[in-house]
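Coordinate-derived values only; no laboratory data. Please read these numbers as outputs of a predicted model, since none were measured by experiment. No Cβ is skipped: glycine too gets one built from the backbone with ideal geometry, and neighbour counts run over all protein chains shown.
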Amino acid sequence: MQHLHLTVLRVTNSGNIPVTPSDFIRPISFIFIEVQSATEIVNTEIFNATELLRPIIKTTKNIVELEPLLMNPGDSFDISILSFSVSHHFNIDSRIVGVKNLKMEKWLTRKTDYSTRRYLSYGALMRILNIAVVILIAEMIWLAFVIISSFF
């Protein structure tokens, strides 16, 4: 049985020097592990990015890829990933000049962040409802078309 997971990732340049787009040999990819059944990424969204930092992500079935970008020391942003899967575990793949490895740390929500966490969950729920409404409207249009065309 698949479950709906909301994964929030924070991408940060914790070093002392900038990382430029030309430094990326392979872009940063978050590869969600398919355990017993297929993982399907439903929606992704960037938030908490500064105005000058404009990250772009590409999403395939079970991979979220971050396009190379300039990240100055201390720059950070968050990526929310809504997915259907048995597991919400993932691996990171990338190759960046001058970076030995990417560190993955647990990001625990503090009690003071509860309203933000609730907002993210509410936002994710609203995105799911929006998708469901679009599907429902498309089905109703198709049904109306079938009914009308049966008269001719």
Report summary line: Once both label points are put 7 Å beyond Cα along the C-beta direction, the F145-E40 separation in nm becomes 2.1
Query raised in the report: According to a simple spin-label model (label point 7 Å from Cα along Cα-to-Cβ), what is the distance in nm between S22 and N72?
Result: 1.9
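Order 46-52, 6-12, 78-84, 90-96 from most to least packed using the mean count of other Cβ atoms within 10 Å.
78-84, 6-12, 90-96, 46-52
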Requested in this report: Would you grab the residues whose amide H sits under 5 Å from the one on A49? Only those 5+ places off in sequence or on another chain, please, with H modelled 1.01 Å from N.
Outcome: D78
Query raised in the report: HN-Hα J couplings of the stretch 47-64 from phi, Karplus 6.51/-1.76/1.60, θ = phi - 60°, integer Hz, Gly and Pro as x?
Result: 8, 6, 9, 5, 4, 7, 8, 10, x, 10, 10, 10, 10, 10, 3, 9, 10, 10
Report summary line: So, with points 7 Å from each Cα along the Cβ direction, the H89-T50 label distance in nm works out to 3.6
